[in-house]
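Single-structure report; data block below.
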Amino acid sequence: MNIFELIFRRQQKNSAAVAKERLQIIVSHERSSSQASRDFLPVLQQEIIDVIAKYFTGIDKNSVRVELQRMGSCSVLELNVALPEQAEENA
Amino acid sequence: MVAQIIVITSGKGGVGKTTSSASFATGLAMRGFKTVVIDFDVGLRNLDLVMGCERRVVYDLINVIHGEANLQQALIKDKRVDNLFILAASQTRDKDALTQEGVERVLQELQRDFDYIVCDSPAGIERGAIMALYFADTAVVVTNPEVSSVRDSDRILGLLSSKSKRAESKQEPIREYLLVTRYSPARVARGEMLSVNDVVDILHIPLLGVIPESQAVLNASNNGIPVSLEKESDAGQAYLDVVARFLGENRPHRFITENKKGIFGRLFGWTNREKLEDVV
């Protein structure tokens, strides 16, 4: 680093520090979620489809969306089921 | 004594697994241990090139697994270092040709004759990588001080503790070591690169060594010579330190701080070294 770089770089945030901070967040997130949530989500989704299909005909795997979001210290499981129009009328 | 199985792994490609496998195995053999290094990158073999024995490959790991050749026919004896053998990967097959039973049989047979078996893992977390780590006693996780490599290393650490034989059979877990490669102390000093302490903080495994970014690595692989045989070079010495530490010796870490420059160099950045690194 020379004297000119020293003057001009002062304003920029140190990129290694940014990298470390980002990595610590993503790595701790992936460690806590890798064994638990990631693996069971597809199974959970399939089981939900199976249950709903017992009561509504014409439901397929694209009608159910399961998402797990982590916000700070709590996780939110979001379930979105689009019922087929026919089934809705019958119910 | 039953040979110890060491996997050199990383998740991410291009971080220096093959270079490290070649140099680490060569270093162990230089210390008098009978060592074999196996290329698990079926379909994309390169260990033979880095070791300089590409024209001597007749039979490979897959041939042995499928019973088309025996181990004695497939093992290539290194011409420079006694006690060093190479088992190449197949270039024409794919990773599905690696069966767990086949790999186990080959490793068991090698364990009778050798002190150390070094497994050069392919990149990724697919079959080839899992087969390379499955039977390991020790893992050396090769990591560049860069975000994607560190994240992938963490992923591999997860697999070592869940998908390996030791994990599945609830034995003592695989011993894990960190090897940081392509390290540039000058860039770390400028705050442009994660420091080795940052990487250790994130991955939380013991540090086996730091290999500096070095011209010697490319030179050595150009010539088909494991860089640990280039005893004058920084990277070569760093790999020999790694082997010594692995064998239980206490060696301080080198090549992790910037070379001191003169007062003019500090003021105006006039050093060849820094210019070189800027180009690289």
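The values are calculated or read from the model by the stated rules, or taken from the named source; none is laboratory data. In this text, all values refer to a predicted model and were calculated from it rather than measured experimentally. Don't worry about glycine lacking a Cβ; one is built from the backbone with ideal geometry, like all the others, and counts go over all protein chains shown. Ligands, DNA and RNA are excluded from the accessible area calculation, which covers all protein heavy atoms including side chains. Shrake-Rupley method; radii C 1.70, N 1.55, O 1.52, S 1.80 Å.
Side notes on the structure shown:
- Among residues of the range B:204-250, those that are outside any helix (DSSP H, G or I) and either closer than 30 Å to residue A:20 by Cα or not charged (D, E, K, R) (or both), counted: 18
- Top-ranked residue in the range B:6-26 [being open to solvent by 20 Å² or more (accessible area, probe 1.4 Å) and in contact with a helix residue (DSSP H, G or I) (Cβ under 7 Å, 6 or more places away or on another chain); ranked as nearest to residue B:148 (Cα to Cα)]: B:12
- For the range B:130-142, the set of residues classified as open to solvent by 10 Å² or more (accessible area, probe 1.4 Å) and either part of a loop (DSSP other than H, G, I, E, B) or within 14 Å of chain A (Cβ to nearest Cβ) (or both) consists of B:135, B:137, listed by residue number.
- Residue within the range B:199-214 that is within 14 Å of another protein chain (Cβ to nearest Cβ), on the phi < 0 side of the Ramachandran plot and open to solvent by 20 Å² or more (accessible area, probe 1.4 Å) present: yes
- Cross-chain or 6+ apart pairs with Cβ under 8 Å, the range B:104-130 first and within 19 Å of residue B:162 (Cβ to Cβ) and among the charged types (D, E, K, R), then open to solvent by 40 Å² or more (accessible area, probe 1.4 Å) and part of a helix (DSSP H, G or I): B:126/B:95; B:127/B:95; B:127/B:96
- In the range B:99-129, residue most open to solvent (accessible area, probe 1.4 Å) [restricted to those that are polar (S, T, N, Q) and touching a Phe, Trp or Tyr at 6+ places or on another chain (Cβ under 8 Å)]: B:100
- If only residues of the range B:15-28 that are small (Gly, Ala, Ser) and within 11 Å of the chain's Cα centre (by Cα) are counted, the one that is farthest from residue B:60 (Cα to Cα) is B:16.
- Top-ranked residue in the range B:143-194 [being acidic (Asp, Glu) and assigned to a helix (DSSP H, G or I); ranked as most open to solvent (accessible area, probe 1.4 Å)]: B:168
- Residues that are hydrophobic (A, V, I, L, M, F, W, C) and farther than 22 Å from residue B:250 by Cβ, drawn from the range B:180-202: B:186, B:188, B:189, B:193, B:194, B:202
- As a summary of the residue check, residue B:5 satisfies the conditions (1) more than 25 Å from residue B:217 (Cβ to Cβ); (2) outside any strand (DSSP E or B) except for the one numbered (2).
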